[in-house]
Each structure stands twice: as structure tokens, then as C-alpha cells.
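Remarks on the structure that follows.
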């Protein structure tokens, strides 16, 4: 049985986020396989949502393109079935509460388990609302991943104590997207997580795009999550993006080894 | 009915990014403190009375009543408030609260522009910075309101994401709040979003039903048989309903924007066409497709052009305490024209939705019965658009 934590067993983990169906699901399949071949340890598959309130312009744009192309939750489950023929690394979904809720939480989780998804991240479900989703995830052996932010302060201990899979450390205020400078004291955040839960891996996301940033962040935690920088390449190269993503992921993975 | 753990029945909650959680917790603490602080309440009451012009009048529409030949119709004149709508009630409350919390900057979303204008007004009054997010389509439909906001020193940011209307303005304001929390209060304009916003907005707007109750008791010596208000997110309606919720003999009727009809896709009637979901921080009813993608909604009224409804309304619907009825563009334009001719009062196209239903209901009731219609705003802002709807080539 694959677990999200497996991604953190071979040194620092590189987590690649890809919006499903941007601009086609065939393209997404190619990009995922190339990212894994380039060394990605964990694949975060974005199920597009019409109104992604935690995303910056780059991932918003990917959501618009994917939905315009006709992607649906069911078609994405089919994509995962295809990927699981050869992709062995853990995979999880990143989407919004309403996508899961409208599908039926139990039906969604059952389907995730059936096709080989290992967990989910719902950025609009904080600790206070987690019990609506997490117990059903547990029932199907999925990890419900919690986020902590630079504003979390005294909330970090309780979030970390019950965290599953890994803790997603949000590096900066604001929405997803590339930043030239990350000023948050990430080391201090990670220390608070480890005090509350010594065994949970910490991965840092939001704003990371260059190998230099990745190397710096990887020193502070167990892995780095990159989304917008990959999605931006997909936006630029479209159906020819897979080899470009391969080169990029390889440069990032090399930087954190 | 008070929210328990931020819930109205199954609705409400706090479905927001972790980055915002401490901000809403801090807001709830501050609100719970100041709502019981006599000094805060006095300051707010003084602003209501001396600045906004409260109490607003409860006007007996004698000509309209005679013309319709049924129940007596009273109009709650929120359109006479400073800035021309009920929105100022909530904004003065939130701006004062934000100031007490040490915030120096207000951000807001706006649809028709009324809430944006009210926020810009309060920011000017209290010496705060103000940024208003408005769907690009709405900045074009309501160009005059954009100018009014700028005139008072606010920055208006046209939102081009999604459908470029009210829901996208809310999304963009939320994104901006996650980006800058320390000095910024998100002055949400309706009884929606994450807890504690639905409760805070409801409380500040409940002055409407408090006054209606006092005024109708003074004029008629009894409570009305029905209170009617338009519903987008639902702030003027919850304000008009709140103090009557326990008075079971008073019918509470919310009028949703049906757009071109609830059997078309060009509608914004959430209760009549939506289903349960989670969006913009709350669980409630939303117009959405089978995969939970939020539907692009439509109404002639920019202020009702929203795919959701506040959680307290969703619960009032569930428990059968309030009724939610659809009113089309055409029906509301007719009501807009009717009140203008009949009483010399030009209502906001939003409020005309409520008026239209009152025009249907009144003739079915007896002459000793009473309907109160909340005229939530004035219609000057809509004149050019309604003229165009009727085929006249007028631009503001």
C-alpha cells in the first residue's frame, strides 16, 4: 500500500503540482510521467474548480483552460486509472471543498481509493471544518493533508498534532504563485510542527520556483512543493510541455538532493 | 436564532484558507467584546442617526394600496439613507469595529456598487484607506458608482477573472485579504461568507426590522402580515426579517432574482434552482453544476447577481420560517416603472424585485391586512440601464 509519507523516505522530497486537463488530459498524463521520470517523489493532481479562491493568476488560468476543455471529476478518475498502470510514486488530489462535497464525500473517497489516490488537500477546509472530511478519508486509507500558514502561530501545535501524511507549510501570505523573495521564518514554523508531531514530514509550498529557492527551503524542511512554475510552463508550451517540465523538475530535484 | 459554532442549522461554518483563520477568530473576539460595549453602541447609534439619517421612514403607500385593492402597503425607506441604500448600516458598524481593532485599511467587494460606495464613504469619514473590488462587467453597468467611489478617495479594481461579476469580486477580495491581513479589514457586504460575517452583518442590518416593528406598532397598533425583501446574499432581507423571526404570524418573503426565468440558465435564483454546497467560506445553497462547479448566474440587477445565499436564509428556508420566491427581470422592471409613476419613488432594481411580489400578493389579501416592503435602495443608479432595457439609447 502506497502512503504519502513514502515520498519522504529517500531524502528531500520534490512535490509536483499539475492541473488536470490543462489543456487536455492526455497532456496531463504525459507531464505526470515526465515529472516522475525526472525525480518527482509525489504528484499533486489539481482538480479544476470554477472559483479557486486560494490560487493566483497562473493556476486560475489553468483551471479556466481545463474547464473550458470539458474536464470533469469522473474523467480525472479515469486519468488516474491510466497513470497507475506505471506510476508508482504516491499521488494526491488538490481541489476545493465543493468538488468533493458535491460528488458525495464517501463516494469521492471510495473512488480515490479504488483508482489509487493516496490523499487530498482542500485549501478551503481548515482545522475547524476538517472533521467533515477527515474521518471518511481515514476509512478509505487516504491522508487528509493539513496546511499551516505564516499567520497560524498558536494554531500550529494542534494542527500538527493531528496531521496526516505530511504538513503543507505555506511559505508566504497571499495566494499561490511565484515570488522572488520568501521572507517568512520557515525554520521556526517547521520547529513548531516537529515539537507537536516529531514523525510528520513537512513540505513547503507557495512561491517556490527556482533551484536556488528550492535548495534553501529544502534545508529547512523535508520537501518542497512547486505548482505555479510548472503550470506556467504548461501554459507556455501547451501540448509540447512534457519535455520542458522534465528538464525543469530534474533541475529542481537535483538542487534539493 | 443565534449561530451555534458559526452554524445556522447545517449552514454556515468557516471554509476558508488557514491563512485567514486567525483573522476571523480575532474579528469574532473583537465583535463579541464591542457588541456589548455601551460606548461602541452609542457611537454607532450616533453615526446611524446623525450621519446616515436614521431612523428611515416607514411610508404608507396609499395610492399603490388603493390601486392594487388589497392589503395596505407600507414601504420601509432604506433608499433614503445616506448613500442611497441599506448597505451603509453594515458598513458603519464594520468600519467602526475595524477602527477599534486598529485596522487602517478597508477592502470590499461590490456588485451594483452600493456596498462599494458605502464602504468608500465610511473610509472617507473615518480616515481609512479603501480598496473596492468590482467585476469588470459591473464597472461598465454601474460607471457612475465607480466615479462616486473614486471621488471619495477609494481605489476601484476591476475584476476580470471568472464571470467578472459579484462572485468574482468576492473571490478577489478574499485573495487580497490573505495577502494583507495585519492592517486590513475585509468589509464584507452581505450576510454571507465565513463565520462571524453572517452574524455581524445580520446584527448591523437588524436595525431595519427593529425600526419597522416600532413604526408599525405606532401607526397600526399591530404587526404586519407579511414582510417582503429582495435577496441576493440577503443582507437587507435578513435585516428586515430578523426581529420578526419569533413572531410566527408574520410571513417573511424573500424575492430572488429569476433573471430570464427559473427554467432558463440565465437566472440567479439560488433557493429555487441551486443545491447544497460549500463556497466563499460557507455551507449554503448555490447555483452549480453536477460536479460542484459554480454556475455563471444572470440577473438584470447587478446587486442580486450572486450564485449563493447567506446561511441564515438557507436555514430559514429549511425550517420553513421564510419563503423564497423567484421574480424575473421583466416583472421587476414593471415594478420599477410602477412605483415611479404611482408614488413618485424610484426604487433600486434590486428592491423592485420585492415590490413586484408585493404587487402580486396584495390583491389576494384583505384590506385590513398589512404588507411591509423593504425598499432597500434608490433607483437613480439603474435609470440608464432600465431605459436601455426598454430600447432607449441612454448612457450615464
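A few points about this structure:
- Tail fraction, Cα-Cα pairs, region A:140-245, threshold 20 Å, whole percent: 42 percent
- All-pairs Cα distance distribution in region B:32-86, expressed in whole percent, bin size 5 Å: 4, 18, 16, 15, 14, 13, 8, 6, 5, 2
- Share of pairwise Cα-Cα distances greater than 12 Å in region A:113-164 is 64 percent (whole percent).
- Relative to the current alpha-carbon distance between residue B:183 and residue B:222, full extension at 0.36 nm per residue lengthens the span by 9.3 nm.
- Taking every DSSP helix (H) stretch of at least 4 residues in chain A, weighting each as -39,500 (n - 2.57) and dividing the sum by the residue count yields a mean residue ellipticity at 222 nm of -13000 deg cm²/dmol.
- Only Cα pairs under 8 Å and 6+ residues apart enter the sum, and on that basis the relative contact order of chain B stands at 21 percent.
- Gain upon complete extension [residue B:275, residue B:341; 0.36 nm per residue less C-alpha separation]: 19.9 nm
- Take each residue of peptide A:166-174, count the partner chain Cβ atoms within 10 Å of its Cβ, and average: the result is 3.
- Debye log10 I(q)/I(0) for the protein assembly as shown, one point scatterer per Cα, at q = 0.06, 0.08, 0.11 Å⁻¹: -0.34, -0.59, -1.03
- Kirkwood Rh (inverse of mean 1/r, distinct Cα pairs), region B:189-243, angstrom: 11.6 Å
- Reciprocal of mean inverse Cα separation for region A:1-81 (Kirkwood radius, Å): 13.4 Å
- Cα-Cα separations in region B:314-396 greater than 19 Å, expressed as whole percent: 45 percent
- log₁₀ of I(q)/I(0) at q = 0.13 Å⁻¹ - region B:200-297, Debye sum with one point per alpha carbon: -0.56
- Among beta bridges that DSSP assigns inside region B:197-338, antiparallel share in %, nearest 5: 35 percent
- Cβ-Cβ FRET estimate between residue B:33 and residue B:290, R0 fixed at 41 Å, reported to 0.05: 0.40
- Available extension along the chain between residue B:155 and residue B:360 is 69.6 nm, counting 0.36 nm per residue and deducting the alpha carbon span.
- Among beta bridges identified by DSSP and lying wholly in the protein assembly as shown, the antiparallel ones come to about 20 percent.
- Note on residue A:138 and residue B:43: with the Förster distance fixed at 51 Å, the Cβ-Cβ geometry gives a FRET efficiency of about 0.55.
- Debye log10 I(q)/I(0) for chain B, one point scatterer per Cα, at q = 0.15 Å⁻¹: -1.43
- Cα centroid separation - region B:224-245 against region A:187-250, whole Å: 49 Å
- Radius of gyration, Dmax [region B:41-196; alpha carbons; angstrom]: 17.1, 57
- Value of Rg to Rh for region A:27-150 (Rh from inverse mean 1/r over Cα pairs, i.e. Kirkwood): 0.94
- Helix-only arithmetic for chain B: the sum of -39500 (n - 2.57) across DSSP H runs with n ≥ 4, divided by the residue total, places the mean residue ellipticity at 222 nm at -12500 deg cm²/dmol.
- Across region A:146-198, the convex hull enclosing all Cα atoms gives 79 Å³ per residue.
- Global form of region B:266-323, assessed from the alpha-carbon gyration tensor, a/c cut-off 1.5: oblate
- Under the simplified labelling scheme, the residue A:185-residue A:88 pair shows an inter-label distance of 4.2 nm, with each label point 7 Å from Cα along Cα→Cβ.
- Residues of region A:78-108 falling in the label zone of residue B:10, defined by backbone nitrogen less than 19 Å from a point 7 Å along Cα to beta-carbon, are A:97-108.
- At 0.890 mPa s and 25 °C, Stokes D of chain A from Kirkwood alpha-carbon radius, µm² per second: 137 µm²/s
- Region B:36-120: relative contact order as a whole-number percent, Cα under 8 Å and 6+ apart: 24 percent
- Inter-part distance where region A:2-24 and region A:27-79 are each reduced to a Cα centre, Å: 12 Å
- Over region A:126-253, relative contact order from alpha-carbon pairs under 8 Å, at least 6 apart, %: 19 percent
Here, each number is a calculation from the coordinates, and none is a lab measurement. Fair warning: this is a prediction, and the values are worked out from it, not measured in the lab. Neighbour counts are summed over all protein chains in view; Cβ atoms, including those assigned to glycine, are modelled from backbone coordinates with ideal geometry.
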